[in-house]
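> Dropping a structure here in C-alpha cells format, bear with me for questions.
The values are calculated or read from the model by the stated rules, or taken from the named source; none is laboratory data. Source: prediction; values computed, not measured. Ideal geometry is used to build each Cβ from the backbone, glycine not excepted, and the neighbour counts take in all protein chains shown.
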Amino acid sequence: MPLDPSIPYADITYRIIGCAMRVQSRLGPGLREKHYQRALTAEMTKDGLGVSEEHPIKVYDGDVWLGNLYLDHLVENCIVVEDKAFSHMLTEEEEWQVLSYLGATKLQVGLLFNFGRKRLEYERKLLPRDVQEWQKHIHRYIWRSKDMGPLPSLENARLICT
C-alpha cells in the first residue's frame with residue numbers, strides 16, 4: 001500500500017511507527033514510560049533516524065521566560081513524538097498535549113504512542129489550521145523550578161517558543 005502523499009513526512013512517520021511496534025513487541029506492557037522512551041530512542045537511532053530525546057523548547061511571554069517544554073522525542077527536526085505507558089486507552093488530554101506541542105513548535109506532524117496496553121496504541125496528529133487553542137492547554141506541560149513559583153495566567157499572554 002503506497003504512502004499517502006498528502007500527509008507530511010509520511011515516510012518518516014511510517015518508519016517511526018515501525019520502530020515503536022518493534023519496541024512494543026520486545027518489551028510488552030507494564031514498564032514505566034521512561035523505559036519505552038529510551039528503547040524507542042535506541043530503535044529509531046538504529047533505524048538511521050536523527051533523534052533528540054527530552055528535547056527542550058523554551059517558552060516566553062514576550063521577553064519573560066516562563067519555563068520549558070520537553071518533547072519526548074524530536075525526530076529529524078520535523079516530527080514530535082510523545083510516549084505514554086497507560087493501561088487505559090489514550091484520551092483527549094494526551095491528544096491535546098501533542099497538539100499543544102505542534103502549536104508551540106509550528107511543526108506539522110506529531111505521533112502519540114501508548115505502550116502500556118497489550119497492543120501498541122498510536123495516533124498521528126497534524127498541525128491544525130487554527131493553532132490558537134494550543135495556548136489554552138500548554139500551561140499543563142510547561143516545566144518550571146519550584147523556586148520560580150506558580151506559572152502566571154497565560155490568558156492574555158503572547159507566547160513565543162524557541
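> Can you find a residue that is assigned to a loop (DSSP other than H, G, I, E, B) and without any contact (Cβ under 8 Å) to a residue 12 or more places away in the chain anywhere in region 90-111? So that I can check it myself, show each step before the final result.
We begin by selecting, within region 90-111, every residue assigned to a loop (DSSP other than H, G, I, E, B); these are 90-91, 106-108.
From what is left, the residues that are without any contact (Cβ under 8 Å) to a residue 12 or more places away in the chain are 91.
Looking through region 90-111, at least one residue is assigned to a loop (DSSP other than H, G, I, E, B) and without any contact (Cβ under 8 Å) to a residue 12 or more places away in the chain.
> Tally the residues that are closer than 22 Å to M21 by Cα and buried (at least 18 other Cβ atoms within 10 Å of the Cβ), restricting the search to region 95-116.
Within region 95-116, residues that are closer than 22 Å to M21 by Cα and buried (at least 18 other Cβ atoms within 10 Å of the Cβ) number 10.
Condition check ((1) more than 15 Å from S87 (Cα to Cα); (2) surrounded by fewer than 12 Cβ atoms within 10 Å (Cβ to Cβ)) across all residues:
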residue: P5; (1), (2): yes, yes
residue: P8; (1), (2): yes, no
residue: I12; (1), (2): yes, no
residue: A20; (1), (2): yes, no
residue: Q24; (1), (2): no, no
residue: L27; (1), (2): no, no
residue: E33; (1), (2): no, no
residue: Q37; (1), (2): yes, no
residue: L40; (1), (2): yes, no
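> A further question on this structure: Quick check on region 45-52. Is at least one of its residues part of a strand (DSSP E or B) and in contact with a strand residue (DSSP E or B) (Cβ under 9 Å, 6 or more places away or on another chain)? Before you say what the answer is, go through the steps one by one.
First, pick out the residues of region 45-52 that are part of a strand (DSSP E or B): 51-52.
With the extra rule that they be in contact with a strand residue (DSSP E or B) (Cβ under 9 Å, 6 or more places away or on another chain), the set shrinks to 51-52.
Yes, because at least one residue in region 45-52 is part of a strand (DSSP E or B) and in contact with a strand residue (DSSP E or B) (Cβ under 9 Å, 6 or more places away or on another chain).
> Sticking with this structure for a sec: Could you please give the count of residues in region 58-82 that are out of contact with any Phe, Trp or Tyr (no Cβ under 9 Å at 6 or more places or on another chain), in contact (Cβ under 8 Å) with a residue 40 or more places away in the chain and of a type in the set (F, W, Y)?
Final tally of qualifying residues: 1.
> Kindly provide the set of residues from region 97-118 that are at pLDDT below 95, of a type in the set (A, V, I, L, M, F, W, C) and over 10 Å from the mean Cα position of the chain (by Cα), ordered by number.
A104, L107
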